[in-house]
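For reference, the structure is listed below as structure tokens.
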Amino acid sequence: MLNAAALKKEFPILDQSVNDEPLIYLDNAATTQKPKAVLESLTTYYQLNNANVHRGVHTLAERATHDYEAAREKVRAFINAKETAETLFTRGTTTSLNWIARSYGLANLQPGDEIVISYMEHHSNIVPWQEVAKQTGASLVYIELTHDGLLDMADAKQKITNKTKIVSIAHVSNVLGVTNPIKELAEMAHAVGAVMVADGAQAAPHMPVDVQALDVDFYAFSGHKLCGPTGIGVLYGKRALLEKMEPVEYGGEMIDFVYDQESTWTELPWKFEAGTPNIAGAIALGAAIDFITAIGMDEIHAYEEALTKYVMPKLQAIDGLKIYGPQKASDRGAVISFNLDSVHPHDLATAMDMQGVAVRAGHHCAQPLLRYLDVQSTARASFYFYNTFEEADQFVAAVIAAKEFFENGAI
Ligand code: PMP
């Protein structure tokens, strides 16, 4: 089992008090903290190597280009893509999904076609498809959930039909914590000639991901949710598809020849990366990937499973506390959305913050899901490998203390 307490020491931000209590950071589904190695990678880049990429022949430009492309190779290996040409740097999951919708979606959808998503999607895997549907005359179809909060695969079989052109599903839900059977969905999509898109924002940080084994056509994730900086993310796409797709943005870096009236595009992956990219962000994402893969993605996954098994029964034992999604810890990851029947989630999160515990409250960018669950908002605790079992105990104690405060006016 990994040593969370030792790993936590690598994260300077976690060594502080909030409201006079030691910080316990449980908002990792929103964003994760950054280890020294990632912070140093950013500083080193700006202090020693800062230059634009792919242009200069001078030493700094060569260093920056080398490190930027070396980071791409780290991303390729991280998700086991066949080649670096298939791994595009983006601003994050949202940008990646928008690129697929705008580039692949607009070119390949027509009236009568269907895009299949599910009721557990993040807004960034809903809204881009709504817009593409409006523009093309295609329609958006939702796969239902089971009573346990799992994707209803029987319904998926009904919804994925000859009309389906795109299936786009979260690999792991940011509200329910469930992992969806992406490989099986990809088989179903391919059987009807559709492409499979997976939103990996909550999966890539927490488990090994192999895009070839999953046989997805596109895979999106964000750097900041796996210890990397904000403003950098990844879009994986199969070469055959990316070759046929138009770039979403045009300008410098992505061209081959520019004539007065028209231009030609350079090769993959640069065809999609117009303008000066987030060089520091990409290099630091590489450092983050090095950091988490040195711990081991299997180890991270196993640790989070153990932590979830540990904390779920303690929460379930609290009178009036409801957990959304599967009740069995073995059916879910370390994202736990919950409510106390006597306390509004925002008040709960504020009371938790007074005790140094950072949890999120709100709709978690999943309004259709919350409507589906018939709830306005929830509190959410989301763990990462640097959260210890002691912190899990303190989190449960803070929930109980907040409940007592709101029910009896005493903490
Ligand atoms: N999909 C899921 C499942 C997410 O949890 C998130 C982030 N909360 C996103 C997409 C969007 O990621 P980003 O804001 O980094 O683009």
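For this structure, a couple of remarks:
- Counted residues, the range 168-191 - those being assigned to a helix (DSSP H, G or I) and either within 16 Å of the ligand (Cβ to nearest atom) or open to solvent by 40 Å² or more (accessible area, probe 1.4 Å) (or both): 7
- If only residues of the range 217-242 that are over 10 Å from the mean Cα position of the chain (by Cα) and farther than 15 Å from TRP99 by Cβ are counted, the one that is nearest to the ligand (Cβ to nearest atom) is THR230.
- The condition of being modelled with pLDDT of 95 or more, touching a Pro at 6+ places or on another chain (Cβ under 8 Å), away from the ligand (no atom under 13 Å from the Cβ) and open to solvent by 20 Å² or more (accessible area, probe 1.4 Å) holds for only one of ARG72, ARG102, that being ARG102.
Conditions (1) over 14 Å from CYS227 (Cβ atoms); (2) open to solvent by 40 Å² or more (accessible area, probe 1.4 Å); (3) within 16 Å of the ligand (Cβ to nearest atom), marked per residue:
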| residue | (1), (2), (3) |
| --- | --- |
| GLU10 | no, yes, no |
| ASP15 | yes, yes, no |
| THR32 | no, no, yes |
| LYS36 | no, yes, no |
| GLU40 | no, yes, no |
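- When the range 351-374 is limited to residues that are in contact with a helix residue (DSSP H, G or I) (Cβ under 9 Å, 6 or more places away or on another chain) and more than 16 Å from the ligand (Cβ to nearest atom), the one that is most open to solvent (accessible area, probe 1.4 Å) turns out to be MET354.
- Residues (within 20 Å of PHE291 (Cβ to Cβ) and within 16 Å of the ligand (Cβ to nearest atom)) located in the range 192-216: GLY200, ALA201, GLN202, ALA203, ALA204, PRO205, HIS206, MET207, VAL209
- Evaluated against (1) hydrophobic (A, V, I, L, M, F, W, C); (2) within 16 Å of the ligand (Cβ to nearest atom); (3) without any contact (Cβ under 8 Å) to a residue 12 or more places away in the chain, PHE89 falls short on exactly one condition, (3).
- For PRO128, the requirement of being closer than 30 Å to ARG360 by Cα, part of a helix (DSSP H, G or I) and of a type outside the set (Phe, Trp, Tyr) is met.
- Of all residues in the range 42-69, those being under 28 Å from the mean Cα position of the chain (by Cα) and open to solvent by less than 40 Å² (accessible area, probe 1.4 Å) number 5.
- THR84 vs. criteria out of contact with any Leu (no Cβ under 6 Å at 6 or more places or on another chain) and of a type in the set (Ser, Thr, Tyr): yes
The values are calculated or read from the model by the stated rules, or taken from the named source; none is laboratory data. Since the model is a prediction, treat every value here as computed from it, not as a measurement. Cβ atoms come from the backbone with ideal geometry, glycine included; neighbour counts cover every protein chain shown. To get the accessible areas, we keep the full protein, side chains included, count just its heavy atoms, and leave off ligands, DNA and RNA. Shrake-Rupley method; radii C 1.70, N 1.55, O 1.52, S 1.80 Å.
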